[in-house]
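S.K.: Could you have a look at this structure, given as structure tokens, before my questions?
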Amino acid sequence: MAGLPKYLGFGAMLTLAAVPALAQVNALPTITSPQNTAPVLPGQEAAGAAAAPAPAAGPASAAVPGGPPAQDQPVTFTAEEVEYDQNRAVVIARGHVEAWQGNRVLRADEFTYDRNTGVATARGNVQLIEADGQVIFAESVELRNEFKDGVLEGLRGLLAQNGRVAAAGARRTGGNFFDLSRVVYSACEPCQTDPLAPPIWQLRARTATLDQSAQQARYRDATVEFGGIPLFWSPYLQHPTGSAPRQSGFLSPTLGITGYLGGFVETPYYWAIDESQDLLLRPLIATNNLPNLGLEYRRRFNFGEVAAEGSLGYLNGRENTPEGAAGHIFSRGRFNLDENWRAGFNYNWATSEDYLRIYRYGARRLLNQDAYAEGFWGTDAYARIDGRAYQGLRSTDNNSQIPYVLPNIYADWRSQPDPLGGTFTLDTWNFAVFRDQGTSTQRGATRIGYDLPMYDGSGGVWTVRAQSDLAAYAYTDLAGAPNYSTSADDGTLGTANIRAALDWRMPFVRSAGEYGHQVIEPRVQFVGGPLTGSQSSVPNEDSIDLEFTDANLFNLNRFAGRDRQEGGTRVDYAMRGAWYFPNGGMLEGLAGASYRVQNDGGPFYTNSGLENRASDYVGRARLMPVTWLEFLGRGRFAQDNGAVQFLDLSSTVSLGSGTSLTGGYLFTPAMPYLTPYQERNEVAVGFNQRIGHWRFGAFARYDIELNRPVVVTASAAYEDECFLFEARFLKRFAEDPSTNNLYPASTVLLFRVGLKTVGDVGFRAI
């Protein structure tokens, strides 16, 4: 909301001092005329004339004889003519009068100060300019009582953030309050072709009070007009002005109608508890359900912050939802302990996924709770210790099989380059995982690594790598989830593995003249180490997810975690080529694979792409013929017949006119660690367009395998300097595995109307 002029400031500015006046010429910026800055009252012309130009060289300048002492800085003024009536003790200045104290400025055609009564009067094109740039125009102004009280006629205000206010009259009292009559306020620019036309919206009130100390505007008998047509009336409205401090009060409501809730209204109340904390209450009343109360709390400390949101409500059992009391809490905290260490927590809990979806608290399948402490030592070292627990929200989730972890300890360190240019790395990852049903595991693991890059005279890059893993386990019920081992149940064991590699790549670069330059880079890596076998007797907590792509082709261990170790002797190879165009475009691609010497499947599952001696082929391609057009593809293909095992394609068109188009295709095989066990075969398209103040967007994803959409969205919005209108549509086609029906609240229709500097109102349908 636009800030309001600090009327106490211009009152002090007019305090005339008995000190020598300073003549200044052309020292003040030009002020836009009131005709171009104020909202227009229908049937009434904009008041005021054009801003006076800077005075000509050599104007009269003076101080008021016998004036009171200045409170802060002396008042200086310039004018074309200055006269002093000693008999009446009246000073009169005429012609392009400019008076200022510090950064506060008064401009007028005529300025009069009565020393006996203490009344100051300014007439004709009066401009009151504050230090922050806020401007008040008036036909005349009269100030008294040490300028704490005053009357203005024909007020027009150019405020911060493009706010504009107009009033037939105004009265200032107590130095902080302005009472206005017949008030119009808007943040809209006047129409360039028809300045007298009503703006997109304006707020019209019988009376208003501007509270400078609290920086609030309060209207009585207020009407909101769109295009000059009254659409909304309220006996009382209030909004902050400028950089007003936080203040308690009701916020703009959200109205709506949904299939589950019926008609509803949500009217938030904001409580500014103190300078460091606040609370937002969000009561929601619906026709088809009991009331719901949402809360959001925030607090900042000198050493950290906490934030929490929660709710308490009820589900009536419709649409296959559980019946009974429901609620949720999402919270977090972070605290700086010293220059290296910080601690924090995350606590998230909900009664069900359906509840979160219905009340739009976010659709989450899994919630986490943790408490942690972590340390940072530049970019060389990091440490973290935490405890974790999880909650599955779907009816098919078995929370007794979902683990909790206490403790989880991780630390890593990277050395500075040694005399040869190599670097050492060291990390340790230790945890204890517990399940009510399934495998419980305690593990201590350490990894040591070393990398040494070297360069030969031909431009080749040689890198020597070594990596060693040590781990010790204690476990129970290995035959349970998620391991389902048939070789062991309870026990302890230790594992060790070492890998060494020699990596070589040779970039060949040639000029293509006016067509840019080209790069061809073969790369080969030899890796050696002992065989590891299937490792079925080792608990697997962190290496279940494996995705073989071009991104991890040259990793020494292609498992993300430590519970599965890749061993044996192998060679990794790839060819990369690139063509860089002078216009900023490019053509780049890579293709590669891996070959294992020993006929040992290791710990890789079927369809991973690494279960055979000869791996699947992986590759990527990127084509950008011009900077506004891009095609990107990544894939994995069967070694024996080239069949597609994984494919991720995307394309983007970004036109300078504000148009963008996206398209994509995704295919992934069925993953044995996912439920349900099925492949993904999806296409996606997207569109965004900006036309003037309008923007449009749409997106859709379709599952070819299931022959149904996955999600569809569409949006349209209009936004200018003062007004916002937005409409959004979203429909998800995900099915609840327990019912094979769409989730409740799977469809969302949202409308939002915003009056900038005042507030917005939303409407939501589900």
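The values are calculated or read from the model by the stated rules, or taken from the named source; none is laboratory data. A quick note: this is a predicted structure, and the numbers were derived from the prediction, not measured. Here the Cβ is made from the backbone with ideal geometry for all residues, glycine too, and neighbour counts use every protein chain on show.
S.K.: Give the residues of the range 557-580 that are closer than 27 Å to Leu632 by Cβ, modelled with pLDDT of 95 or more and surrounded by fewer than 19 Cβ atoms within 10 Å (Cβ to Cβ), sorted by residue number.
M.R.: Of everything in the range 557-580, those that are closer than 27 Å to Leu632 by Cβ, modelled with pLDDT of 95 or more and surrounded by fewer than 19 Cβ atoms within 10 Å (Cβ to Cβ) turn out to be Tyr573, Met575, Gly577, Ala578, Trp579, Tyr580.
S.K.: Please go through the range 606-643 and pick out each residue that is aliphatic (A, V, I, L, M) and in a loop (DSSP other than H, G, I, E, B).
M.R.: Leu610, Ala638, Ala643, listed by residue number.
S.K.: Sticking with this one: Among Ala643, Ala621, Ala638, Ala670, which is small (Gly, Ala, Ser), more than 21 Å from Thr532 (Cα to Cα), in contact with a Phe, Trp or Tyr (Cβ under 9 Å, 6 or more places away or on another chain) and at pLDDT below 90?
M.R.: Answer to the check: Ala670.
S.K.: With Glu296, Glu305 as the choices, which residue is acidic (Asp, Glu), more than 30 Å from Leu755 (Cβ to Cβ), in contact (Cβ under 8 Å) with a residue 12 or more places away in the chain and assigned to a strand (DSSP E or B)?
M.R.: Exactly one residue qualifies, and that residue is Glu305.
S.K.: Which of (1) at pLDDT below 80; (2) within 20 Å of Lys756 (Cα to Cα); (3) among the small types (Gly, Ala, Ser) is the odd one out, the single condition Gly174 does not satisfy?
M.R.: The number of the failed condition is (2).
S.K.: Please go through the range 387-396 and give me each residue that is more than 30 Å from Leu730 (Cα to Cα) and touching a Phe, Trp or Tyr at 6+ places or on another chain (Cβ under 7 Å), ordered by number.
M.R.: If the condition is that a residue be more than 30 Å from Leu730 (Cα to Cα) and touching a Phe, Trp or Tyr at 6+ places or on another chain (Cβ under 7 Å), then Arg388, Ala389 are the ones that fit.
S.K.: Here is a follow-up. Exactly one condition in (1) in contact with a strand residue (DSSP E or B) (Cβ under 9 Å, 6 or more places away or on another chain); (2) in a loop (DSSP other than H, G, I, E, B); (3) over 30 Å from Asn320 (Cα atoms) is not met by Thr396; state its number.
M.R.: Failing condition for Thr396: (3).
S.K.: If only one of Asn599, Asn612 is surrounded by 15 or more Cβ atoms within 10 Å (Cβ to Cβ) and either out of contact with any strand residue (DSSP E or B) (no Cβ under 8 Å at 6 or more places or on another chain) or of a type outside the set (Phe, Trp, Tyr) (or both), which one is it?
M.R.: Unique residue meeting the criteria: Asn612.
S.K.: Let me ask something additional. Run Pro268 past the list (1) loosely packed, with under 15 Cβ neighbours inside 10 Å; (2) touching a Phe, Trp or Tyr at 6+ places or on another chain (Cβ under 9 Å); (3) not polar (S, T, N, Q) and report the number of the one that doesn't hold.
M.R.: Going through the list (1) loosely packed, with under 15 Cβ neighbours inside 10 Å; (2) touching a Phe, Trp or Tyr at 6+ places or on another chain (Cβ under 9 Å); (3) not polar (S, T, N, Q), Pro268 breaks only (1).
S.K.: Additional query: If only one of Ala551, Ala560 is without any contact (Cβ under 8 Å) to a residue 24 or more places away in the chain, touching an Asp or Glu at 6+ places or on another chain (Cβ under 9 Å) and not in a strand (DSSP E or B), which one is it?
M.R.: Ala560
S.K.: Being among the small types (Gly, Ala, Ser) and within 27 Å of Phe345 (Cα to Cα) is the filter here; which residues of the range 396-425 pass it?
M.R.: The answer is Ser400, Ala411.
S.K.: Shifting gears a bit: Where residues in the range 399-411 are in contact with a Phe, Trp or Tyr (Cβ under 7 Å, 6 or more places away or on another chain) and not in a strand (DSSP E or B), which of them is surrounded by the fewest Cβ atoms within 10 Å (Cβ to Cβ)?
M.R.: Top of the filtered list is Ile402.
S.K.: Still on this model: Identify the single condition in (1) over 20 Å from the mean Cα position of the chain (by Cα); (2) touching a residue at least 40 places away in the same chain (Cβ under 8 Å) that Lys731 does not satisfy, given that it satisfies every other one.
M.R.: Answer for Lys731: the failing condition is (2).
S.K.: Under 20 Å from Phe424 (Cβ atoms) and hydroxyl-bearing (Ser, Thr, Tyr): is that true of Ser468 in this structure?
M.R.: yes
S.K.: To continue, here is another question. Just checking, does the range 512-524 include any residue being without any contact (Cβ under 8 Å) to a residue 24 or more places away in the chain and surrounded by fewer than 15 Cβ atoms within 10 Å (Cβ to Cβ)?
M.R.: yes
S.K.: Considering only residues that are assigned to a loop (DSSP other than H, G, I, E, B) and surrounded by 15 or more Cβ atoms within 10 Å (Cβ to Cβ), which ones fall in the range 321-334?
M.R.: The answer is Thr321, and nothing else.
S.K.: Which one is farthest from Arg435 (Cα to Cα) among residues in the range 482-520 that are among the small types (Gly, Ala, Ser) and touching a Ser or Thr at 6+ places or on another chain (Cβ under 7 Å)?
M.R.: Once the filter is applied, the top-ranked residue is Ser487.
S.K.: Now a separate question. For the range 337-346, give me each residue that is in a strand (DSSP E or B) and either loosely packed, with under 15 Cβ neighbours inside 10 Å or without any contact (Cβ under 8 Å) to a residue 24 or more places away in the chain (or both).
M.R.: Result: Trp341, single match.
S.K.: Hey, another quick one. Name, by its number, the condition in (1) buried (at least 17 other Cβ atoms within 10 Å of the Cβ); (2) farther than 25 Å from Val135 by Cβ; (3) modelled with pLDDT under 85; (4) among the β-branched types (Val, Ile, Thr) that does not hold for Thr76.
M.R.: (2)
S.K.: Could you please tell me which pairs satisfy a Cβ distance under 6 Å, a separation of 6+ or placement on different chains, a first residue in the range 468-497 that is of a type in the set (D, E, K, R), and a second residue that is surrounded by fewer than 14 Cβ atoms within 10 Å (Cβ to Cβ) and not in a strand (DSSP E or B)?
M.R.: If the second residue must be surrounded by fewer than 14 Cβ atoms within 10 Å (Cβ to Cβ) and not in a strand (DSSP E or B), no pairs are left.
S.K.: Go through the range 362-386 residue by residue and tally those that are touching a Phe, Trp or Tyr at 6+ places or on another chain (Cβ under 8 Å) and part of a strand (DSSP E or B).
M.R.: Within the range 362-386, residues that are touching a Phe, Trp or Tyr at 6+ places or on another chain (Cβ under 8 Å) and part of a strand (DSSP E or B) number 17.
S.K.: Arg318 versus (1) closer than 22 Å to Leu749 by Cβ; (2) among the charged types (D, E, K, R); (3) surrounded by 15 or more Cβ atoms within 10 Å (Cβ to Cβ): which is the lone unmet condition?
M.R.: Every condition holds for Arg318 apart from (3).
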